1. Report yes if some residue within the range 461-483 is over 21 Å from residue 365 (Cα atoms) and hydrophobic (A, V, I, L, M, F, W, C); otherwise report no.
2. Yes or no: the range 395-414 includes at least one residue that is within 30 Å of residue 489 (Cα to Cα), within 16 Å of the ligand (Cβ to nearest atom) and assigned to a loop (DSSP other than H, G, I, E, B).
3. Contact list please: Cβ distance under 9 Å, first residue in the range 3-15 and assigned by TED's automatic domain parsing to the domain that holds residue 128 and among the basic types (Lys, Arg), second residue surrounded by 15 or more Cβ atoms within 10 Å (Cβ to Cβ) and assigned to a loop (DSSP other than H, G, I, E, B), pairs at least six apart or on different chains.
4. Tell me which strands (runs of 3 or more DSSP E) are completely within the range 98-162 and hold 1 or more residues being touching a Lys or Arg at 6+ places or on another chain (Cβ under 8 Å), or say none if there are none.
5. Condition check: within 23 Å of residue 328 (Cβ to Cβ) and in contact (Cβ under 8 Å) with a residue 60 or more places away in the chain. Does residue 524 satisfy that?
6. Go through (1) of a type in the set (D, E, K, R); (2) in contact with a strand residue (DSSP E or B) (Cβ under 8 Å, 6 or more places away or on another chain); (3) within 16 Å of the ligand (Cβ to nearest atom) and name the single condition residue 495 misses.
7. Collect the residues in the range 443-484 that are without any contact (Cβ under 8 Å) to a residue 40 or more places away in the chain and within 16 Å of the ligand (Cβ to nearest atom), keeping them in residue-number order.
Amino acid sequence: MSIQYLEKERIFCLHTPNTSYLLGIVAQEGFLGHLYYGKRLLDVSGAQYLLRLEESPFVPEKNDRDRSSFMDCFPFEYSSHGVGDFRESCIKIRTAKGHAAVNLVYVSHEIKKGKGKLAGLPATFGNEGEVTTLVITCTDPVTKLNVELSYSAFENVDVIARSVKVINTSGEALWLEKVMSACLDLEAREYDVLTLHGSWARERHMERRPLGYGKTGVSSLRGESSHQEHPFIALLSKNASQTEGEVYGLHFAYSGNFLAQAQRSQFGQIRVVMGISPEEFSWKLESCESFQAPEVLLTYSAKGLGGMSRSYHDLYRNHLIRSPWLHKKRPILINNWEATYFDFNAEKILNIAKESAKLGIEMLVLDDGWFGNRFDDNRSLGDWQVNESKLPGGLGKLVSEINALGLKFGIWFEPEMISPESKLFEEHPDWAIQIPARRPCRARNQYVLDVGRKEVRDYILKQMFVVLHSANVEYVKWDMNRPLTDIGSAALPADRQGEISHRFVLGTYEMQECLLQEFPNLLLENCSGGGGRFDPGMLYYSPQIWCSDDTDAVERLAIQEGTALLYPLCSMGAHVSVCPNHTVGRSTPFATRAMVALAGTFGYELDVTKLSDAEKEEIPSQIRAYHAFHDLIREGTYYRNASYQENHDYDCFQVVGKGGKRSLVFFTQVLATPNEHSRCIRLQGLRENVKYKVIQVNLNKKELLTDAGKVVSGSILMNAGMIVERPWGDFQGRLYWLEEC
Ligand code: DGJ
């Protein structure tokens, strides 16, 4: 069992393969204190002194007249509100009398093998041999609010999953106004903070900055995890790099409003909190009702950022993504969005499909515009009936013709939305999220559906099921193209309006769950105007998420680098598109675009009928490369060798197969620079005493591996480096295949 309770010391010890996490109960008061999180401890003797309970004046029993000097510096496991700890609180309520304070003390605990589900929420999973769970029940003796703190330690991954359940045993209604899912109080040491920022078409860029006094963090109030800020925060020791130094990571398995914040207190101590954003949040709890807060995935790496990335990748591939597609090669798809936008008919789509089939592409995805009067983005969301003027004979006819060409078929939906110009809005204007008498803010000329309401979810799903049952549809792209504003629901009373944003997220989760129950083999890809809802919550439902609407190979280097900091490559939707690129106008070599997309799910987003013959000739080689390498890319271990986001010059990363026998090295020189020699890149993850054949892969010739290659030892490749000849010209990608010989 990876969790023990030491009765005499009143300490809980949680262990993962390389980390330990210690928390203890203060004997006199019953407070839960945080003792340690870091490298795995061989012996925990004497750990209790870390709570500093001998040090006057900080101990209440020694200095009760100045109790706040204890409350404001004690390393709380889950901080209280309004009773003397002036750092960030974890929980806040409003009682019927209007009071907000909560002060939690230990009541009991339970340690059990395995890990339960979180009602209505995505969560990591593992069987009894893979994970152990500790649940500590605390109470606030005055309000009789109970809080269950849950910790699941994984046996084979350095991750502790934390979540919180609040139960109202007060005998009367109260309002939960803040509930963080995790709190981490750390010693006063120097750290940098790492977060991911972005915007539409520029998602998940990394930002590292020193953690100063006060509060630093990221959040979203957009009703989705967002393009702008990511539900992730990490603390890095000053020397932390890809390979060395300490990293504490917190990643939130939730797809709505969030807060991720680090704070340095007056004494230099650090508190990190993560949870649903308390702004605009309030949840009414009737007596005996409970509230389940989503899960935070906590990791510690003593091997720098690379160690953190690999822990999250392993966790997500083994304990979060449930899809039957997880370990399967995904069909190489072609999506018609950048090829046609709204301007298509059956003939155009079939021509794309015919040409695609000849080239080895395996699935056609029909994007936005196939339903209602959707000739542009101003109308018809909510009217999910096939537009027969575009697709005569309906979906059944089109899909059979596409299937007859040997291609699978997939389709786009945006289920959580409603256009003001739609039949649905005419019939149910009150189904849009809005505040009475206030004209809702339009974004892309659409409103958001109140999917927290069961009747709304049922109606939309029913329409979707009719479409999906009408033809052989094997893939769905689930899009969401605007944030939530004007938060108001016609279905909720005044004292429950603060629940809308969370109910929206729960409603979306429930809809995706129902969709997958109805179509268990469906390949679901989430999307939100590109990568605006790329988060662990959505990964629980879909094994892949569209990374960004920016398909430019150079922009994608930074976007995919930031995404791969946390997510396995097999989850990143990535396609080859045309040049000049539709978002930035840049032209890059076809082979570079293919190489960048190969590091994701791989597919095409262009009109194949308009490609030059030379380009068309390259596609079969790119497809051969996908078939040759994708098992390794999907299942292998990821190492980052150079950061384009940092050096603004070149990008390099590696995927290594089991046992270090094979590896792919992806290198891109972004801009050509004069007067430089070849580069020597230190590789990772290989075996020192093994000789490797290093072969440059041809992505534009018939045979992938014509290069005679060089034989070099793992020792040389990792310590001295692998030579990459200086490419000629801008945006030059190079792919290398290494195999044991
Ligand atoms: C945003 C997505 O990211 C695009 O790929 C495309 O599906 C459009 N929406 C369609 O409206």
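The values are calculated or read from the model by the stated rules, or taken from the named source; none is laboratory data. Predicted model, so just to flag it, every value in this text is computed and none were measured. In this analysis, Cβ positions are derived from the backbone assuming ideal geometry, glycine residues included, and neighbour counts consider all displayed protein chains.
1. No - not one qualifying residue is present in the range 461-483.
2. Within the range 395-414, one or more residues are within 30 Å of residue 489 (Cα to Cα), within 16 Å of the ligand (Cβ to nearest atom) and assigned to a loop (DSSP other than H, G, I, E, B).
3. These pairs meet every condition: 10/26.
4. Values: elements: 105-113, 131-140, 145-154.
Correct list: 131-140, 145-154.
5. So residue 524 passes the test.
6. For residue 495, the failing item is (3).
7. 447
Condition check ((1) closer than 26 Å to residue 120 by Cβ; (2) outside the structural domain of residue 159 (by TED's automatic domain parsing); (3) acidic (Asp, Glu)) across all residues:
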{"residue": "266", "(1), (2), (3)": "no, no, no"}
{"residue": "271", "(1), (2), (3)": "no, no, no"}
{"residue": "279", "(1), (2), (3)": "yes, no, yes"}
{"residue": "287", "(1), (2), (3)": "yes, no, no"}
{"residue": "292", "(1), (2), (3)": "yes, no, no"}
{"residue": "299", "(1), (2), (3)": "yes, no, no"}
